[in-house]
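What follows is a short report on a single structure.
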Amino acid sequence: MIAETPPLIDLQAMSIFTPARVFLVTDLTWTVRAGQRWALLGPNGAGKSTTLSVAGATRHPSSGNAEVLGRRLGRTDLRELRSHIGVVDHALRIPPDLDAVDVVLTGLSGTVQTVREGYAAADRSRAVELLSLLGCDGLLHRGVATWSHGEKARVRVARAMIGRPPLLLLDEPASGLDLPGREDLMAAVDDVAEANPLLGIVLVTHHLEELPTCIDHALLLNRSREVAQGPVAEVLTDEHVSTCFGRAIAVRRHSGRWTATALR
């Protein structure tokens, strides 16, 4: 019998609070396993990004336990652990002097700097493959100044995937994108999920319309506490989403995509 692999994220009764005992996350138990694709939803101040910071090994819990990739936070080298996690940061500034392949390769060092002759041919080939997978072939011979916001967002996803991480974290990746850019990004996330069946994905957003079709689980937070979690069809209901956002909301799903409409 083959032993079950450890969860990618395992939070047990985890709380995060300030020195003044203001709770940012309260008593959260949450498990993400290989191949699961989670949406982390809630209004501003709900605790979404704080929870993601623990999943990304950039913050310790104040109480309770947190394990990421099978390692207990507080008993492991966080910098080394972070090298195994893909993080898509929409605020990441892309240096204008790099080409698309070089930008993707910076994901191997976790910086936005690169030494062009410092990477193996196999790494460069993978960078080109990722750019192709994400529909960014056309950027190979175009300067950063000519890229749209949507193209930059997809390059950030390729950058996060260059090291073949088992876990991909996206914190409001569609922020600031227009409709075509958002739709291209959602399609790109779906393509990454399809090409990497065991990849765990956690995507933080305020908007159900920003969920790609690959999302199969959801965690709803409000005022630092869990509202609901589980399979997406069981969680993204009128009742749960209305409770989460504090007003009557009608939720609909069509062809794997979600919409939410406030009711008067």
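The values are calculated or read from the model by the stated rules, or taken from the named source; none is laboratory data. No experiment lies behind these values; they were computed from the predicted model shown. Every residue, glycine among them, receives a Cβ derived from its backbone with ideal geometry; neighbour counts consider all protein chains shown. Just so you know, the surface numbers come from the protein's heavy atoms only, side chains and all, with ligands and any DNA or RNA stripped out. Shrake-Rupley method; radii C 1.70, N 1.55, O 1.52, S 1.80 Å.
Calculated accessible area for region 29-187 comes out at 45 Å² per residue, all protein chains present (probe 1.4 Å; ligands, DNA, RNA ignored).
Ranking 31, 162, 140 by how far each Cα lies toward the positive end of the dipole of the chain (charges on Cβ) leaves 31 at the top. Net charge around residue 177, counting only other residues with Cβ within less than 13 Å of its Cβ (Lys, Arg = +1; Asp, Glu = -1)? That sum, taken over residues with Cβ under 13 Å, equals -3. Protection proxy ranking, highest mean first, for peptides 34-40, 225-231, 240-246: 34-40, 240-246, 225-231, where packing is the per-residue count of other beta-carbon atoms within 10 Å, averaged.
Each Lys or Arg adds one and each Asp or Glu takes one away; over the other residues whose Cβ falls under 14 Å from the Cβ of residue 17, this sums to +3. Between the helical axis of 179-195 and the longest alpha-carbon principal axis of the chain there is an angle of about 90 degrees.
For the chain, the longest principal axis of the alpha carbon atoms and the long axis of helix 121-133 meet at an angle near 60°. Take every Cα pair under 8 Å whose residues are at least 6 apart in sequence, average their separation, divide by the length of region 185-264, and the relative contact order is 23 percent.
Simple rule: put +1 on each Lys or Arg Cβ and -1 on each Asp or Glu Cβ in the chain, find the dipole, and look at 218, 54, 193; the Cα lying farthest toward the positive end is 54.
Modelled label positions at residue 31 and residue 76, each set 7 Å beyond Cα in the direction of Cβ, lie 1.6 nm from each other. If you run the Gaussian network model on the chain, springs between alpha carbon atoms under 10 Å, then out of 140, 11, 208 the most flexible one is 140. About its Cα centre, the dipole of the chain is roughly 640 debye, where the only charges are +1 on Lys and Arg Cβ and -1 on Asp and Glu Cβ. Look at the alpha carbon pairs under 8 Å that are at least 6 residues apart: their mean separation over the length of the chain gives a relative contact order of 23 percent. Over all directions, the projected convex hull of the C-alpha atoms in the chain averages 15.9 nm² in area. Of the residues 50, 106, 18, the one that moves most in a GNM of the chain with alpha-carbon contacts below 10 Å is 18. Any chance you could tell me what percent of the C-alpha pair distances in region 1-144 go past 17 Å? Considering region 1-144, 69 percent of its Cα-Cα pairs are separated by more than 17 Å.
Helical runs (DSSP H, four residues minimum) scored at -39500 (n - 2.57) apiece and divided by the length of the chain put the mean residue ellipticity at 222 nm at -8000 deg cm²/dmol.
Of the solvent-accessible surface of region 1-157, computed with a 1.4 Å probe and all protein chains present, 52% belongs to carbon and sulfur.
From the Cα gyration tensor of region 124-197, with a ≥ b ≥ c the square roots of its eigenvalues, which class applies: rounded if a/c is under 1.5, or else prolate if a/b is larger than b/c, or else oblate? Note, shape of region 124-197 comes out oblate. GNM remark for the chain: springs join alpha carbons under 10 Å apart, and the peak mean-square fluctuation among 132, 175, 148 falls on 148.
Surface analysis of region 200-264 yields an accessible area of 49 Å² per residue, using protein heavy atoms and a 1.4 Å probe. Using a cutoff of 8 angstrom between alpha carbon atoms and counting only pairs six or more residues apart, the relative contact order for region 1-57 works out to 30 percent. Taking a sphere under 12 Å around the Cβ of residue 148 and counting the other residues whose Cβ falls inside, with K and R at +1 and D and E at -1, yields a net charge of +1. Shape analysis of region 174-217 based on the Cα gyration tensor places the equivalent ellipsoid semi-axes at 19, 12, 8 Å, largest first.
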